[in-house]
Every structure is written in structure tokens, then in C-alpha cells.
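> First the structure, which I've put down as C-alpha cells, then a few questions once you've had a look.
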Amino acid sequence: MTKRQLFLVAALGAAALVQVSLAPHFLVAGQAWMRWINFVAVTIAVIAVFEKKNNKFSWVAAFTGGVFLDLYSNPFGLWIVILVGAVAFIKLILKKYVRIVSYW
Amino acid sequence: MKISFLNGLRIAIAAAAAMGLVAALNLPQVNSAVKNAAYSALEPVQSGIWNAGAGIHGFFEPLAKINSAAAENEQLRAQVSGLLAETARISELKKENDFLRQGLNLELDKEFDLKLADIVAKDIARDILVINKGRRNLIDLGMPVITAQKSLVGKISAIYENYSEVTLATSKDFTFDVRVGDGIDGLAKGQGEYRVQLDLIPKDKDLKSGTAVYTSAMGGIFPAGLLVGVVDKISKNDVETFQTAELAPAFDARGSKQVFVASGKAPLELVSGAKKNND
């Protein structure tokens, strides 16, 4: 695991802490919208979209992020399944329907 | 892209190991030990973040409500004049109450065995808080959690060695008996996202906005007399047998840092005794 990947895992842990300890305090327009904005999921989606095609780190990130979120919810494993499923979905979409063309 | 046999085997072993780990972490004892260890390690950081959030929440709240401030101001002015008269009446009642308390020796700490706990986190999707008191502090399942003002927070729904989970009264599908004002019995239903609905109030009962709602000992979940909130928006329907209302909960998790776990003396013993008799 590279330094950058270790940093990303630490960032996922920090995002999970913010999600469970800071986000619950805020209402947007009187509604608890923050519960729908999942910082960990967003971070993992960004990693899955922008990592190189053959890189597998997003799977590790999804599992690790899932573990962090599952510490604060029940049953244990639900968030792992959701995040790994999300990475699989993003990878499938990128593989089947997205082609990045470079002219350089 | 073809996956070689060796790579396939590696992926299968990694997936099996991950599933085995998740299955092991769902065993109650392992789950409890792992969560307790994680909460212990993260508590100093989490407490800091939670307290910062509670402070910032108070700062931004007026900005979020600026549109309704004028109307709210009018409403509050009307309420103030009513409350002045009420205060005079309460002052008289307080003297009487103090006298009775001295006579009966009934203080809050006599009613409940209170344990002060810090809030450290909230469940991502549900109205469940994590507090820093657990089995080691003699916390048990079902214990009511209250504020210093004797408002209802919720009840203990899971316990670990040093931490517990509190299911808030606003938690979805959480129902309990309540008493509105002086004597209308009803049912409070948590709606999630810090909202509670009041239900099963007969239509012939005169329900007024602003009336205080307290817990009732009838269901055996909470002791009687804990403030749940005040009646907010009332909705009556000709078709329905009962009227419903939205409650403004007395406890606001977003601005709170500490709560009390009431391990109950007299009222809870009475409640559990009543429950045993019913069984």
C-alpha cells in the first residue's frame, strides 16, 4: 500500500467520524439533509471514478470505509455491502459505457 | 479481460476472508468487544467533534430560521403575555410544591438514580445516539435516558462495556404512551429525523397547540411525568376516528452534549412491578 493510499484510508476514517459526530448537528432548510450526504460514500465514489483502470484500491477503500461506518450502525456489514456494491456498479458503468479518449 | 486461475483464487480467498470477518463481527460478543474498543480509542476525538458541532449548531440555527423569525416573534409575544399570568400561578404552585417536597422528601435524585453521560456520536441513518457509559457503569437495556430538565431523550437499546446506544423517542417506529396536558391519553410515534407524531387522540378531545406532552406509565416503557415535547401542528380528518398532531420534541440532540441515564428507583420499580402483574 502506497503512502497516498494510506492517507486515503485515514481520510475515510476522518470522514466517518465527521459523519457520525458533526453532521447530525446540522439542518438544511429545516430538514436533516445531512443524513443523505454520506462523506465516506462520496469519497469512495470519487476514488472509483478517477483511479486508473487496472487499480484495485477502490475495492479496499470500499471495504475499509464500510467497516468505519458499520462501527456506528447495525447489522455489521451492511455498509460494506452497500459500498462494495457501489464500487462494482461504478466500475461496470465505466467499463461498459464510458470511454475516455485522449488526443495527446 | 480474462482472470487467470491464480488471480481468481486470490480474489476468492480475499472475498471469503472478508465475508468470514464480517460474519465474525456480527457475533454479539465479538461485535460488542470490537465496538467498545473502537469507541474507547476514538472517544477523545469524537467528543471534541460532537461538542464543536453542538456549538456551531447554535451559531447557525438563527440564520437558517431567519425567514420565519418575524412570524415567530409575533407568536412569541402573544405567548409571553399568556406566560406571565401562568408564571404567577406557577409561583404559587411552586411554594405549595416545595412544601410538599420537604414533607415527602422527593427530589429528582430521589426519584431516579442518575448517571451523567456524554454524547459521542449518532447513527448515520437512524435516531440513535452513542453515549460514553456502558455495562461497567451498571447501565442496562431499556433504561430511560433524560435531560437535566427531566425531558425524555429515549431509552437504552444496546450496551457495550463502556458505551451504550440510546434509541431516541423520535426514532422511526418507536412508540410509547403519553399524556397530553392534564389528562388526554395518547400514543407518541417516532417519525425519524428528530420528529414525533401524536396519535390515537379521540376527536372529541380539545387538543391545543402548545400543550405539554408527558410520558405515561401505562405502557411500562418509561416512568410517568417526563416531558416529551409540546403539541405543534394538529390535524383533524372527518374520515379518521382519531386526531393526530406533530410534536416539537423537548430534547434536541443537535445542541446537546450530555444526558442522564435514569436507572430508576421508585417510579421504575412501580412500572416494572405493574408489568410483572400484567404478565
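The values are calculated or read from the model by the stated rules, or taken from the named source; none is laboratory data. Source: prediction; values computed, not measured. Neighbour counts run over all protein chains shown; Cβ positions are idealised from the backbone, glycine included. Surface areas here come from the heavy atoms of the whole protein model, side chains and all, with no ligands, DNA or RNA. Shrake-Rupley method; radii C 1.70, N 1.55, O 1.52, S 1.80 Å.
> Just give me the residues in segment B:121-148 being of a type in the set (D, E, K, R) and out of contact with any Leu (no Cβ under 7 Å at 6 or more places or on another chain), in sequence order.
Hits for segment B:121-148 are B:ASP123, B:ARG126, B:LYS133, B:ARG135, B:ARG136, B:ASP140.
> Also: Hey, among A:SER58, A:SER73, which residue is surrounded by 12 or more Cβ atoms within 10 Å (Cβ to Cβ) and not in a helix (DSSP H, G or I)?
So the residue among A:SER58, A:SER73 that is surrounded by 12 or more Cβ atoms within 10 Å (Cβ to Cβ) and not in a helix (DSSP H, G or I) is A:SER73.
> Pairs only if they're at least six apart or on different chains, beta carbon under 9 angstrom, first in segment B:200-219 and touching a residue at least 60 places away in the same chain (Cβ under 8 Å), second open to solvent by 80 Å² or more (accessible area, probe 1.4 Å) and basic (Lys, Arg); list them, first residue then second.
If the second residue must be open to solvent by 80 Å² or more (accessible area, probe 1.4 Å) and basic (Lys, Arg), the pairs left are B:THR215/B:ARG179.
> Can you find even one residue in segment A:16-34 that is small (Gly, Ala, Ser), farther than 18 Å from B:MET19 by Cβ and open to solvent by 60 Å² or more (accessible area, probe 1.4 Å)?
The answer is yes; a qualifying residue exists.
> Sticking with this structure for a sec: Read through the list (1) under 24 Å from A:GLY85 (Cβ atoms); (2) under 25 Å from the mean Cα position of the chain (by Cα); (3) open to solvent by 50 Å² or more (accessible area, probe 1.4 Å); (4) of a type outside the set (Ser, Thr, Tyr), then give the number of the only condition that B:ASN31 fails.
Just one mismatch for B:ASN31, condition (3).
> Do you know which residues across segment A:76-87 are at the interface with chain B (Cβ under 7 Å from one of its Cβ atoms) and part of a helix (DSSP H, G or I)?
Correct list: A:ILE80 only.
> Turning to a different aspect of this structure: Mind listing whichever residues of segment A:35-46 are of a type in the set (Val, Ile, Thr) and either over 22 Å from A:VAL18 (Cα atoms) or modelled with pLDDT under 90 (or both)?
Across segment A:35-46, the qualifying residue is only A:ILE37.
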